[in-house]
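Worksheet for the structure shown next.
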(Lines give C-alpha, C1' and ligand atoms only; values in the text may rest on other atoms or scores of the structure.)
Protein backbone atom coordinates (compact mmCIF):
# COMPACT_ATOMS: atom_id res chain seq x y z
CA UNK A 1 0.00 0.00 0.00
CA UNK A 2 1.47 3.36 -1.00
CA UNK A 3 1.22 6.06 1.66
CA UNK A 4 2.54 9.58 1.77
CA UNK A 5 2.76 11.16 5.20
CA UNK A 6 2.85 14.88 5.89
CA UNK A 7 2.88 15.50 9.60
CA UNK A 8 -0.23 13.75 10.90
CA UNK A 9 -1.95 13.81 7.51
CA UNK A 10 -1.96 10.67 5.35
CA UNK A 11 -3.01 10.34 1.73
CA UNK A 12 -3.92 6.81 0.61
CA UNK A 13 -3.27 5.83 -2.98
CA UNK A 14 -4.49 2.26 -2.82
CA UNK A 15 -7.10 0.39 -0.85
CA UNK A 16 -6.06 -2.72 1.10
CA UNK A 17 -6.81 -5.99 -0.66
CA UNK A 18 -10.40 -6.86 0.26
CA UNK A 19 -9.56 -10.58 0.20
CA UNK A 20 -6.82 -10.15 2.79
CA UNK A 21 -8.74 -7.58 4.81
CA UNK A 22 -12.41 -8.51 4.46
CA UNK A 23 -15.20 -6.33 5.78
CA UNK A 24 -18.41 -7.88 7.13
CA UNK A 25 -21.06 -8.29 4.43
CA UNK A 26 -23.44 -6.17 6.52
CA UNK A 27 -21.10 -3.18 6.10
CA UNK A 28 -20.58 -3.67 2.37
CA UNK A 29 -24.30 -4.19 1.75
CA UNK A 30 -25.22 -1.11 3.79
CA UNK A 31 -23.38 1.30 1.46
CA UNK A 32 -26.54 1.92 -0.56
CA UNK A 33 -29.17 4.61 -0.96
CA UNK A 34 -32.90 4.27 -1.48
CA UNK A 35 -34.21 3.66 -4.99
CA UNK A 36 -36.42 6.54 -6.09
CA UNK A 37 -36.30 6.70 -9.92
CA UNK A 38 -37.97 10.12 -10.10
CA UNK A 39 -34.85 11.85 -8.73
CA UNK A 40 -32.75 13.84 -11.22
CA UNK A 41 -35.03 12.89 -14.10
CA UNK A 42 -34.26 14.88 -17.24
CA UNK A 43 -37.05 17.21 -18.31
CA UNK A 44 -38.92 16.92 -15.03
CA UNK A 45 -39.36 20.69 -14.85
CA UNK A 46 -41.15 20.61 -18.21
CA UNK A 47 -43.77 18.13 -17.06
CA UNK A 48 -47.20 19.21 -15.88
CA UNK A 49 -46.89 17.22 -12.66
CA UNK A 50 -43.34 17.30 -11.29
CA UNK A 51 -44.11 15.54 -8.01
CA UNK A 52 -43.68 11.90 -7.08
CA UNK A 53 -46.10 10.71 -4.43
CA UNK A 54 -44.24 8.54 -1.91
CA UNK A 55 -47.09 7.91 0.51
CA UNK A 56 -50.78 8.66 0.93
CA UNK A 57 -52.27 10.22 4.03
CA UNK A 58 -54.32 12.96 5.61
CA UNK A 59 -51.67 15.64 6.24
CA UNK A 60 -49.70 16.92 3.25
CA UNK A 61 -45.93 17.34 3.25
CA UNK A 62 -43.75 18.28 0.27
CA UNK A 63 -40.05 17.41 0.19
CA UNK A 64 -37.67 19.53 -1.90
CA UNK A 65 -33.91 19.43 -2.30
CA UNK A 66 -30.85 18.15 -4.06
CA UNK A 67 -29.19 14.74 -3.70
CA UNK A 68 -28.98 15.18 0.08
CA UNK A 69 -32.77 15.20 0.23
CA UNK A 70 -32.78 12.12 -1.99
CA UNK A 71 -30.52 10.35 0.52
CA UNK A 72 -32.88 10.92 3.47
CA UNK A 73 -36.06 9.94 1.62
CA UNK A 74 -36.09 6.47 3.25
CA UNK A 75 -36.52 7.86 6.77
CA UNK A 76 -39.08 10.48 5.70
CA UNK A 77 -40.98 7.81 3.79
CA UNK A 78 -40.97 5.59 6.89
CA UNK A 79 -42.19 8.42 9.14
CA UNK A 80 -44.90 9.41 6.67
CA UNK A 81 -46.33 5.89 6.53
CA UNK A 82 -46.45 5.69 10.32
CA UNK A 83 -48.07 9.13 10.73
CA UNK A 84 -50.60 9.10 7.89
CA UNK A 85 -48.77 11.81 5.93
CA UNK A 86 -49.28 12.40 2.21
CA UNK A 87 -45.68 12.75 0.98
CA UNK A 88 -44.68 14.31 -2.34
CA UNK A 89 -41.15 14.87 -3.59
CA UNK A 90 -39.23 16.57 -6.41
CA UNK A 91 -35.56 17.32 -6.90
CA UNK A 92 -32.52 17.61 -9.12
CA UNK A 93 -28.89 16.96 -8.30
CA UNK A 94 -27.03 20.22 -7.69
CA UNK A 95 -30.32 22.12 -7.39
CA UNK A 96 -30.83 23.90 -4.05
CA UNK A 97 -34.50 24.28 -3.07
CA UNK A 98 -34.22 28.06 -3.13
CA UNK A 99 -36.14 30.67 -5.08
CA UNK A 100 -34.52 33.31 -7.31
CA UNK A 101 -31.21 31.47 -7.81
CA UNK A 102 -29.69 29.79 -10.85
CA UNK A 103 -26.99 27.08 -10.71
CA UNK A 104 -24.19 27.85 -13.17
CA UNK A 105 -24.02 24.51 -14.95
CA UNK A 106 -24.47 23.28 -18.50
CA UNK A 107 -27.45 20.98 -17.93
CA UNK A 108 -30.09 23.64 -17.27
CA UNK A 109 -31.75 23.03 -20.63
CA UNK A 110 -32.72 19.53 -19.46
CA UNK A 111 -32.72 20.04 -15.67
CA UNK A 112 -33.83 23.62 -15.09
CA UNK A 113 -33.44 24.16 -11.36
CA UNK A 114 -35.09 27.57 -11.19
CA UNK A 115 -38.11 26.34 -13.15
CA UNK A 116 -38.40 23.21 -11.01
CA UNK A 117 -38.52 25.31 -7.84
CA UNK A 118 -41.19 27.56 -9.35
CA UNK A 119 -43.35 24.60 -10.35
CA UNK A 120 -42.88 23.02 -6.93
CA UNK A 121 -44.21 26.16 -5.30
CA UNK A 122 -47.16 26.26 -7.71
CA UNK A 123 -47.96 22.68 -6.68
CA UNK A 124 -47.74 23.62 -3.00
CA UNK A 125 -50.16 26.53 -3.41
CA UNK A 126 -52.64 24.80 -5.72
CA UNK A 127 -52.81 21.72 -3.47
CA UNK A 128 -53.02 23.74 -0.26
CA UNK A 129 -49.93 22.11 1.21
CA UNK A 130 -49.25 23.55 4.67
CA UNK A 131 -45.83 21.97 5.38
CA UNK A 132 -42.62 21.78 3.35
CA UNK A 133 -39.31 20.08 4.19
CA UNK A 134 -36.05 21.31 2.61
CA UNK A 135 -32.69 19.52 2.65
CA UNK A 136 -29.50 20.00 0.66
CA UNK A 137 -25.75 19.95 0.72
CA UNK A 138 -25.80 23.65 1.47
CA UNK A 139 -22.02 24.13 1.53
CA UNK A 140 -21.89 22.82 -2.03
CA UNK A 141 -23.12 26.27 -3.05
CA UNK A 142 -20.95 28.34 -0.67
CA UNK A 143 -17.79 26.46 0.31
CA UNK A 144 -17.38 23.42 -1.94
CA UNK A 145 -15.41 20.76 -0.09
CA UNK A 146 -12.71 21.01 2.59
CA UNK A 147 -10.16 22.13 -0.01
CA UNK A 148 -12.47 24.79 -1.43
CA UNK A 149 -13.07 22.77 -4.60
CA UNK A 150 -16.11 20.83 -5.86
CA UNK A 151 -18.35 23.89 -5.57
CA UNK A 152 -21.59 24.47 -7.47
CA UNK A 153 -21.73 28.19 -8.22
CA UNK A 154 -25.03 30.05 -7.97
CA UNK A 155 -26.15 33.30 -9.58
CA UNK A 156 -29.18 35.59 -9.48
CA UNK A 157 -29.53 35.45 -13.25
CA UNK A 158 -29.31 32.60 -15.73
CA UNK A 159 -26.84 34.70 -17.75
CA UNK A 160 -24.52 35.49 -14.83
CA UNK A 161 -21.23 33.54 -14.82
CA UNK A 162 -19.62 35.15 -11.75
CA UNK A 163 -17.40 33.42 -9.19
CA UNK A 164 -17.39 32.24 -5.59
CA UNK A 165 -18.21 35.53 -3.85
CA UNK A 166 -21.28 36.10 -5.98
CA UNK A 167 -22.36 32.51 -5.32
CA UNK A 168 -22.37 33.13 -1.57
CA UNK A 169 -24.32 36.37 -2.03
CA UNK A 170 -26.76 34.55 -4.32
CA UNK A 171 -27.15 31.83 -1.70
CA UNK A 172 -27.94 34.42 0.98
CA UNK A 173 -30.48 36.08 -1.30
CA UNK A 174 -32.03 32.73 -2.15
CA UNK A 175 -32.40 31.75 1.51
CA UNK A 176 -33.92 35.14 2.34
CA UNK A 177 -36.42 35.07 -0.55
CA UNK A 178 -37.37 31.45 0.08
CA UNK A 179 -38.01 31.82 3.80
CA UNK A 180 -40.03 35.00 3.26
CA UNK A 181 -42.13 33.44 0.51
CA UNK A 182 -43.12 30.46 2.65
CA UNK A 183 -43.84 32.73 5.60
CA UNK A 184 -45.98 35.10 3.54
CA UNK A 185 -48.06 32.15 2.35
CA UNK A 186 -48.49 30.74 5.87
CA UNK A 187 -46.60 27.53 5.10
CA UNK A 188 -44.69 25.73 7.83
CA UNK A 189 -41.10 25.14 6.78
CA UNK A 190 -38.65 22.52 8.03
CA UNK A 191 -35.05 23.15 6.99
CA UNK A 192 -32.46 20.46 7.62
CA UNK A 193 -28.83 21.50 7.83
CA UNK A 194 -26.44 19.24 5.96
CA UNK A 195 -24.95 16.02 7.23
CA UNK A 196 -21.19 15.97 7.94
CA UNK A 197 -18.94 15.72 4.91
CA UNK A 198 -16.40 12.93 5.36
CA UNK A 199 -12.87 13.29 3.97
CA UNK A 200 -12.98 9.89 2.25
CA UNK A 201 -15.58 7.46 0.98
CA UNK A 202 -16.85 4.98 3.60
CA UNK A 203 -15.25 1.88 2.09
CA UNK A 204 -11.90 3.68 2.10
CA UNK A 205 -12.30 4.63 5.76
CA UNK A 206 -13.49 1.16 6.73
CA UNK A 207 -10.59 -0.66 5.05
CA UNK A 208 -8.07 1.66 6.66
CA UNK A 209 -9.64 1.04 10.05
CA UNK A 210 -8.79 -2.66 10.04
CA UNK A 211 -6.30 -3.79 12.67
CA UNK A 212 -5.09 -7.38 13.08
CA UNK A 213 -7.66 -8.55 10.56
CA UNK A 214 -10.60 -6.90 12.34
CA UNK A 215 -12.37 -3.58 12.09
CA UNK A 216 -11.16 -1.35 14.92
CA UNK A 217 -13.86 1.03 16.20
CA UNK A 218 -11.19 3.33 17.62
CA UNK A 219 -9.52 3.59 14.22
CA UNK A 220 -12.90 3.98 12.55
CA UNK A 221 -13.68 6.99 14.70
CA UNK A 222 -10.22 8.48 14.25
CA UNK A 223 -10.52 8.14 10.47
CA UNK A 224 -13.98 9.77 10.45
CA UNK A 225 -14.24 13.55 10.21
CA UNK A 226 -13.69 15.46 13.44
CA UNK A 227 -16.72 17.35 14.72
CA UNK A 228 -14.59 20.48 15.11
CA UNK A 229 -13.57 20.47 11.45
CA UNK A 230 -17.14 19.70 10.42
CA UNK A 231 -18.56 22.56 12.51
CA UNK A 232 -16.01 25.08 11.25
CA UNK A 233 -16.67 24.03 7.67
CA UNK A 234 -20.44 24.40 7.98
CA UNK A 235 -20.41 27.49 10.20
CA UNK A 236 -20.85 30.26 7.63
CA UNK A 237 -23.59 28.48 5.71
CA UNK A 238 -25.45 27.37 8.82
CA UNK A 239 -25.36 30.89 10.25
CA UNK A 240 -26.98 32.24 7.09
CA UNK A 241 -29.78 29.69 7.41
CA UNK A 242 -30.26 29.96 11.18
CA UNK A 243 -30.12 33.76 11.37
CA UNK A 244 -32.69 34.09 8.58
CA UNK A 245 -34.92 31.45 10.18
CA UNK A 246 -34.99 33.40 13.45
CA UNK A 247 -37.03 36.09 11.70
CA UNK A 248 -40.00 33.76 11.25
CA UNK A 249 -42.04 31.63 13.63
CA UNK A 250 -43.06 29.19 10.90
CA UNK A 251 -39.52 27.86 10.33
CA UNK A 252 -37.93 24.95 12.18
CA UNK A 253 -34.23 24.26 11.64
CA UNK A 254 -33.13 20.63 12.07
CA UNK A 255 -29.48 19.82 12.77
CA UNK A 256 -28.51 16.22 11.85
CA UNK A 257 -25.11 16.75 13.48
CA UNK A 258 -26.86 16.33 16.84
CA UNK A 259 -27.39 12.67 15.93
CA UNK A 260 -24.44 11.95 13.66
CA UNK A 261 -21.67 13.48 15.79
CA UNK A 262 -20.44 13.32 19.36
CA UNK A 263 -18.16 15.94 20.91
CA UNK A 264 -15.14 14.68 18.98
CA UNK A 265 -16.10 12.79 15.84
CA UNK A 266 -18.83 12.28 13.23
CA UNK A 267 -18.64 8.53 12.68
CA UNK A 268 -18.86 7.14 9.16
CA UNK A 269 -20.39 3.97 10.62
CA UNK A 270 -19.92 1.21 13.18
CA UNK A 271 -18.73 -2.40 13.14
CA UNK A 272 -21.98 -3.55 11.48
CA UNK A 273 -23.08 -0.81 9.09
CA UNK A 274 -21.91 2.17 7.11
CA UNK A 275 -23.91 5.31 7.76
CA UNK A 276 -22.74 6.70 4.42
CA UNK A 277 -23.19 5.82 0.75
CA UNK A 278 -20.21 7.97 -0.26
CA UNK A 279 -18.30 10.81 1.39
CA UNK A 280 -21.30 13.12 1.81
CA UNK A 281 -24.54 11.16 1.25
CA UNK A 282 -26.15 9.05 3.95
CA UNK A 283 -26.90 5.41 3.28
CA UNK A 284 -30.33 3.98 4.10
CA UNK A 285 -29.00 2.90 7.50
CA UNK A 286 -27.61 6.39 8.06
CA UNK A 287 -30.88 8.05 7.08
CA UNK A 288 -32.79 5.91 9.57
CA UNK A 289 -30.59 7.30 12.36
CA UNK A 290 -32.37 10.63 11.90
CA UNK A 291 -35.81 9.25 12.77
CA UNK A 292 -35.76 10.29 16.48
CA UNK A 293 -34.70 13.79 15.41
CA UNK A 294 -37.30 14.28 12.68
CA UNK A 295 -40.32 12.19 13.67
CA UNK A 296 -41.35 14.14 16.81
CA UNK A 297 -41.67 17.45 14.94
CA UNK A 298 -43.68 16.25 11.92
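Take the residues in the stretch 162-196 that are touching a strand residue (DSSP E or B) at 6+ places or on another chain (Cβ under 7 Å) and part of a loop (DSSP other than H, G, I, E, B), then tell me which one is surrounded by the fewest Cβ atoms within 10 Å (Cβ to Cβ). It comes out as 162.
Run down 63, 98 and say which single residue is modelled with pLDDT of 95 or more, within 25 Å of residue 31 (Cα to Cα) and either assigned to a helix (DSSP H, G or I) or in contact with a helix residue (DSSP H, G or I) (Cβ under 8 Å, 6 or more places away or on another chain) (or both).
Working: 98 fails: within 25 Å of residue 31 (Cα to Cα).
The conditions single out 63.
With respect to residue 71, is the statement that it is surrounded by 21 or more Cβ atoms within 10 Å (Cβ to Cβ) and touching a helix residue (DSSP H, G or I) at 6+ places or on another chain (Cβ under 9 Å) true? Reasoning before the result, please.
Details: surrounded by 21 or more Cβ atoms within 10 Å (Cβ to Cβ): yes; touching a helix residue (DSSP H, G or I) at 6+ places or on another chain (Cβ under 9 Å): yes.
Answer is yes for this residue.
Being loosely packed, with under 11 Cβ neighbours inside 10 Å, modelled with pLDDT under 95, on the phi < 0 side of the Ramachandran plot and in contact with a strand residue (DSSP E or B) (Cβ under 6 Å, 6 or more places away or on another chain) holds for only one residue in 11, 6, and it is 11.
Could you say which residue among 86, 49 is modelled with pLDDT of 95 or more, more than 21 Å from residue 158 (Cβ to Cβ) and not in a helix (DSSP H, G or I)? Break it down into steps so the answer makes sense when it comes.
Values: 49 fails: modelled with pLDDT of 95 or more.
Selected residue: 86, the only one of 86, 49 that is modelled with pLDDT of 95 or more, more than 21 Å from residue 158 (Cβ to Cβ) and not in a helix (DSSP H, G or I).
Residues in the stretch 202-228 that are in a loop (DSSP other than H, G, I, E, B) and surrounded by 18 or more Cβ atoms within 10 Å (Cβ to Cβ): 3 in all.
The values are calculated or read from the model by the stated rules, or taken from the named source; none is laboratory data. Small disclaimer: the values here were computed from a predicted structure and weren't measured. Glycine gets a Cβ as well: all are built from the backbone with ideal geometry, and neighbour counts include every protein chain shown.
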